[in-house]
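Enquirer: One structure, pasted below without further comment.
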Amino acid sequence: MDLKTFLMDDESAMEILKEYPYEFDPSIVSGLNQCESSDARKLCIFDIGDKLKKSNKYDIGGTYTNGEPDLSFYFTTSVFNSERYILNLFVCHRNIDSFRIKISDVHSITNKIKENGQKPNSSLVYPGTLKSKLYTSSEIDESHYIRSFQFSKTDLNDVHTLYVPIEIEFNIKPTIEKEVLTWIKENHNFKIFNVMENTDFTLISSSGKKYDTHKLLLAMRSSVLRDKIRNSQTNLMTLKIDDDEMSLLLEFLYTDTICDIDNKDWDQILKLIEMFHIDGLVKLIQVPMRERICVDNAIHIATLSEKYKLYDIQRNVTDFIMKHPEVLETESWNNLNDVVITKKLLKGICKNSK
């Protein structure tokens, strides 16, 4: 239960709600509300005038999805020459994921005396249009710098509360080195990986060859790599795969595709799927496997489907054999010594022939 719901049972407390409606609005992120991330529209900073007068760290509040914590916002303050104040805004991400924050693009604000002599507003909403920025966390409770705001000594005279407009979006795919990735997709040239910028993690193949990569992308694309990175004490990691397999792995992790996959070694690709739990690659590989079933490779594909639990593909093979019984006359069938797949194929054929 949030504070607003609790206070609604008390008549005197309801008067407070009427006097300070903004503080208890469900779209306001503060220590008083359990604000849903999708509903968040403003950060609420109480006692802003006093907090800016000394260098310190302060919590703002958090956002949630169905009661589970997503983000926790906080800020630090710095004082320069007793006249200039800097507010540095940060966010702590409670999960491993990507998210986007839209926030005001104005760096400073002035709370001017009104022309009729009235005092400045005790509550101010930060002006400006919203500027979007993408963040990606590779570990739980990772903090990210959002931006800084500056104020003069007189900017916040008599200001009690500052509201900073904000919007939050989750389920964002990370975009790293956008121009490089476009080049890779258009040219399918794996050599481009050797010149990528801002890399921070090195993978090493079984041959000892090194591949410069981006830690965040690896962690986001494979749960196995994420766990390995989390447990690693260095920015180097050796994988038990050869250079060809490493090339295939990185090509898919960075581009969501594998060039000329029809003619690749499917067993090699399926091995990578099993090793690194790459769900997207499972869907990708099944398309050419299904389309390329023929008399000569039907048994081989059936064997792969059993080994890697691709049971939809296995049913496709069974259907193909029903239409092309000559598969049962091939050398592959005669040499098949896997009892499990043999029984499954024969059972499927008998069932479908009834």
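Enquirer: Which of the residues spanning the range 12-47 are crowded, with 16+ Cβ neighbours inside 10 Å, of a type in the set (Asp, Glu) and modelled with pLDDT of 85 or more?
Expert: Hits for the range 12-47 are 36, 39.
Enquirer: Next question, about the same structure. Go through the range 252-266 and give me each residue that's surrounded by fewer than 20 Cβ atoms within 10 Å (Cβ to Cβ), assigned to a helix (DSSP H, G or I) and under 28 Å from the mean Cα position of the chain (by Cα).
Expert: 255, 261
Enquirer: Next question, about the same structure. Just one of the numbered conditions (1) outside any helix (DSSP H, G or I); (2) within 26 Å of residue 222 (Cα to Cα) is not true of residue 295; which one?
Expert: Exception for residue 295: condition (2).
Enquirer: Moving on to the next point. Going through the range 73-89 one residue at a time, which ones are without any contact (Cβ under 8 Å) to a residue 24 or more places away in the chain and farther than 22 Å from residue 106 by Cα? Give the steps one after another, and end with the answer.
Expert: Our first condition is that a residue be without any contact (Cβ under 8 Å) to a residue 24 or more places away in the chain; within the range 73-89, this holds for 74, 76, 78, 80-81.
If the condition is that a residue be without any contact (Cβ under 8 Å) to a residue 24 or more places away in the chain and farther than 22 Å from residue 106 by Cα, then 81 is the only one that fits.
Enquirer: Scan the range 298-352 for residues that are part of a loop (DSSP other than H, G, I, E, B), within 42 Å of the chain's Cα centre (by Cα) and among the hydrophobic types (A, V, I, L, M, F, W, C) and jot them down. Quick ask: steps written out before the conclusion?
Expert: Of all residues in the range 298-352, those part of a loop (DSSP other than H, G, I, E, B) come to 308-310, 324, 330, 335-338.
Subset that is within 42 Å of the chain's Cα centre (by Cα): 308-310, 338.
Result: 310, single match.
Enquirer: Is there any pair with a first residue in the range 320-345 that is among the aromatic types (Phe, Trp, Tyr) and a second that is in a helix (DSSP H, G or I) and surrounded by 16 or more Cβ atoms within 10 Å (Cβ to Cβ) whose Cβ atoms are under 6 Å apart and which are 6 or more apart or on different chains, and what are they?
Expert: Close Cβ pairs satisfying both conditions: 320/298; 333/299.
Enquirer: Could you check how many residues of the range 55-77 are outside any strand (DSSP E or B) and touching a strand residue (DSSP E or B) at 6+ places or on another chain (Cβ under 7 Å)?
Expert: First, pick out the residues of the range 55-77 that are outside any strand (DSSP E or B): 55, 66-67.
Narrowing further to those that are touching a strand residue (DSSP E or B) at 6+ places or on another chain (Cβ under 7 Å): 55.
Looking only at that region, the number is 1.
Enquirer: Name the residue that is surrounded by the fewest Cβ atoms within 10 Å (Cβ to Cβ), counting only residues in the range 267-286 that are of a type outside the set (A, V, I, L, M, F, W, C) and under 20 Å from residue 302 (Cβ atoms). Before you say what the answer is, go through the steps one by one.
Expert: Let us first name the residues in the range 267-286 that are of a type outside the set (A, V, I, L, M, F, W, C), namely 267-268, 271, 274, 277, 279-280, 283, 286.
Then drop every residue that is not under 20 Å from residue 302 (Cβ atoms), which leaves 267-268, 271, 274, 283, 286.
Numbers: 267: 12, 268: 13, 271: 16, 274: 14, 283: 9, 286: 17.
Within the range 267-286, the match that is surrounded by the fewest Cβ atoms within 10 Å (Cβ to Cβ) is 283.
Enquirer: Going by the structure shown, is residue 229 touching a Ser or Thr at 6+ places or on another chain (Cβ under 9 Å) and either surrounded by fewer than 17 Cβ atoms within 10 Å (Cβ to Cβ) or not in a helix (DSSP H, G or I) (or both)?
Expert: Values: touching a Ser or Thr at 6+ places or on another chain (Cβ under 9 Å): yes; either surrounded by fewer than 17 Cβ atoms within 10 Å (Cβ to Cβ) or not in a helix (DSSP H, G or I) (or both): no.
Here the answer is no, as residue 229 does not meet what is asked.
Enquirer: Which pairs have Cβ atoms under 9 Å, sit 6 or more apart or on different chains, and link a residue in the range 137-158 that is over 24 Å from residue 226 (Cβ atoms) and hydrophobic (A, V, I, L, M, F, W, C) to one that is at pLDDT 80 or above and part of a loop (DSSP other than H, G, I, E, B)?
Expert: Cβ pairs passing all conditions: 151/52; 156/52.
Enquirer: Test residue 215 against the criterion of being at pLDDT 90 or above and either within 30 Å of residue 291 (Cα to Cα) or not hydrophobic (A, V, I, L, M, F, W, C) (or both), and give yes or no. Explain how you work it out, then say what you get.
Expert: On the way: at pLDDT 90 or above: no; either within 30 Å of residue 291 (Cα to Cα) or not hydrophobic (A, V, I, L, M, F, W, C) (or both): yes.
Judged against the criteria, residue 215 is not a match.
The values are calculated or read from the model by the stated rules, or taken from the named source; none is laboratory data. Everything numeric in this text was worked out from a predicted model, so none of it was measured. All Cβ positions, glycine included, derive from the backbone under ideal geometry; neighbour counts span all protein chains shown.
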